[in-house]
Amino acid sequence: MAVTDTAPKPPAPVRRRGDVVFSSLARAAGITILVALAGVAIFLTLEGAPALTAPPEAMDGKDSIILYVWPLLFGTLLAAFIAMLISTPMAIGVALVISHFSPRRMSRTLGYLIDLLAAVPSVVYGLWGIDFLGQRIAPLYAWLEENLGWLPFFAGPASTTGRTILTASIVLAVMALPIITAITREIFAQTPTLHQEAALALGATRWEMIRMTVFPYARSGMVSATMLGLGRALGETMAVAMVLSATGVVTFNLISPTNPSTIAANIALQFGEASGLKINVLIFSGLVLFVITFAVNFLARAIAGRGRSGDDK
């Protein structure tokens, strides 16, 4: 006699109306972002394609679009790289002070002050870089030329106004600081308390506990925060355009008045007076910046995902 399975089947999950509406809105928001991103990419590609055959008159005398874009791309990457060298260690240190070292009341106040930096407009940062930072850092550039002029970074002649690629990078570092700090602070605070207490119970110092428990847990988040700050530095326009005295050259000299420009600043300064194929050339440079920013964010997601998978193992 055959035995039949009479076990009751589990009931199908009931989807409430609120869950259906929320999932639909979330899906629609994701599709909208993808459509907008694809629209921007298509527009930049179509409008920038004529720049491939543009005459030298539309490219400031350059013979090809590569020769036109390369100095701008170099300046963009150089300024963003220096900004990250300055802001990333500082942001991680400030985040550690807020999350693990300072009293609660002080950490809350410090966190508010750091977050307020993100609300300051770019124009204000530009004015600060010109009128305050540039004038006060010019004597330092003269000292660097006198004492470290044998290095190509400080070969001089030192700028007397302080409007150099290094000054612009410092301004970008200050602008990226609140983004990196806010994200790393939240990730540090989410480190499991049991892991930290176990490390301290085994005799670890405060720094050893942070190095063995907090940093491994927050590694992927720190990378993501740094990449978000890098994206802010790559795309910043007005502050760099106001601070930098750009001449469009390729040089590693950080204190000279002869500086490379950035893609975003070059577009902001020239788009208002551009016409004809010159507009297509500027749009093509914007396409290059779009691709670089997309690649940076894609790399950040890949690194963060690999970090999470490594932690799960």
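Throughout, read-outs are computed from the coordinates displayed, never taken from laboratory work. All values reported here derive from a predicted model rather than from experimental measurement. When we count neighbours, we look across all protein chains shown, and the Cβ atoms used for this are built from the backbone with ideal geometry, even at glycine.
If you plug the beta carbon distance of Ser102 and Leu34 into 1/(1 + (r/R0)^6) with R0 = 45 Å, you get a FRET efficiency near 0.60. Using the Cβ-Cβ distance between Arg301 and Phe252 with R0 = 35 Å, the FRET efficiency computed as 1/(1 + (r/R0)^6) comes to roughly 0.70.
Counting beta carbons within 10 Å around each of Tyr217, Tyr112 and listing the fewest first gives the order Tyr112, Tyr217.
Please list the helices of the chain that count as membrane-span-like by this rule: a mean Kyte-Doolittle hydropathy of at least 1.6 together with Cα atoms stretching 18 Å or more along the helix axis, each helix being a complete DSSP H run. Can you show the working numbers first?
On the way: long enough: 17-48 (46 Å, 1.41); 65-96 (45 Å, 2.11); 104-117 (20 Å, 0.10); 135-148 (20 Å, -0.20); 165-189 (35 Å, 1.92); 215-235 (30 Å, 0.56); 277-312 (52 Å, 1.02).
Result, helices passing both filters: 65-96, 165-189.
Going from the fewest other Cβ atoms within 10 Å to the most, the residues Glu197, Glu145 appear in the order Glu197, Glu145. Note on region 64-312: along the principal axes its Cα atoms extend 66, 40, 35 Å, ordered by decreasing extent.
When Ile66, Ile137, Ile283 are arranged by Cβ crowding within 10 Å, least crowded first, meaning fewest neighbours, the order is Ile66, Ile137, Ile283. Computed from the C-beta positions of Ile42 and Val123, the FRET efficiency with R₀ = 30 Å rounds to 0.45. Using alpha-carbon pairs under 8 Å, 6+ residues apart, how would you state the relative contact order of the chain in percent? 27 percent. Summarising the label geometry, the points placed 7 Å from Cα in the beta-carbon direction at Asp60 and Glu186 lie 3.9 nm from one another.
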